[in-house]
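Here is the structure we will look at, set down as structure tokens.
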Amino acid sequence: MNAQQYAKQTRQYFDNLAPIWDSICQHDKNKLQLLIDLAAPAPDSRMLDIGCGAGVMIEQLLSANPRELLSLDISPLMIEQAKRKYCDPRLRLISKDFFDLEEEGFDLAILYSVYPHFPLKKQLVRHTAHCLVNGGRFMVAHSENRQIINTRHQNGMVAQLSLPLKEAKEEAKIWQTCFEIDILIDTPQLYVISGWRI
């Protein structure tokens with residue numbers, strides 16, 4: 001399918017799951033906090049939460065005292081779920097395809113538990129870099145290992161809307177076109193690729 005069809009089907013898939021998402025998708029808050037600690041955003045940073053879903057990372061990101069947190073997701077109903085849970089003057093929640101985002105100047109861009117749903121990896125890397133300041137950090141992260149993630153995505157409709165995670169060192173190669181990679185974790189507990197814009 002082409003990129004437009006992919007985006008439409010992804011939106012529909014996650015819209016359908018949005019009302020029950022928090023009951024079927026659980027995350028270890030200690031691991032979420034560890035990811036923020038690894039990213040080490042400076043206070044008063046501008047943060048971009050790409051593919052935020054129902055807002056799983058919002059609490060931890062806000063705890064890092066950003067000047068602004070923009071959390072976006074392709075699914076309007078996921079954003080509605082997030083709006084029911086969070087109200088903070090620093091937070092903006094919008095439903096938008098990331099590739100349609102024109103804003104720049106972010107200090108941190110995080111893709112938590114969403115990376116397999118971006119098939120256009122080169123475009124993703126370039127656009128993430130475009131949104132960040134020089135020296136800004138990106139982070140691709142999962143709080144589970146890639147075998148678990150890949151198994152979860154191998155059947156049904158979600159198999160058509162995701163790509164398997166490769167070893168972190170292999171996935172990192174494409175990010176090295178725009179970023180200096182300084183964090184690679186591919187363990188039974190975590191999957192992280194992170195670095196700063198060069």
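Each reported figure results from applying straightforward, stated rules to the coordinates on display, with no laboratory input. Since we're looking at a predicted model, the values are computed, not measured.
Here are the numbers for this structure:
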quantity	calculated
Volume of the Cα convex hull of the range 122-184, divided per residue and given in Å³	98 Å³
Hits among lysines - C-alpha to C-alpha of Lys29 under 24 Å, sequence gap 8 or more where chains match	Lys83, Lys85
Mean residue ellipticity (222 nm) of the chain, computed from DSSP H runs ≥ 4 via -39,500 (n - 2.57), nearest 500	-10500 deg cm²/dmol
Using θ = phi - 60° and Karplus 6.51 cos²θ - 1.76 cosθ + 1.60, couplings along the range 175-186 (whole Hz; Gly, Pro as x)	6, 5, 5, 10, 9, 8, 7, 10, 9, 9, 10, 9
Cα Rg, Dmax, the range 3-197, angstrom units	15.3, 42
The chain: most fluctuating residue of Lys31, Lys85, Lys169 per GNM, C-alpha cutoff 10 Å	Lys85
Value of Rg/Rh across the range 62-157 [Cα atoms, Kirkwood radius]	0.97
Sequence-distant aspartates and glutamates (8 or more away, or on other chains) whose Cα lies within less than 12 Å of Lys166	Asp186
Computed over the range 3-197: relative contact order in percent, which uses C-alpha pairs under 8 Å that are six or more apart	19 percent
Net lengthening on full extension, Asn150/Lys83 (0.36 nm per residue, minus Cα-Cα)	21.2 nm
Per-residue ³J(HN,Hα) for the range 162-172, Karplus 6.51 cos²θ - 1.76 cosθ + 1.60, θ = phi - 60°, Hz, x for Gly and Pro	7, 10, x, 6, 8, 3, 4, 5, 6, 4, 5
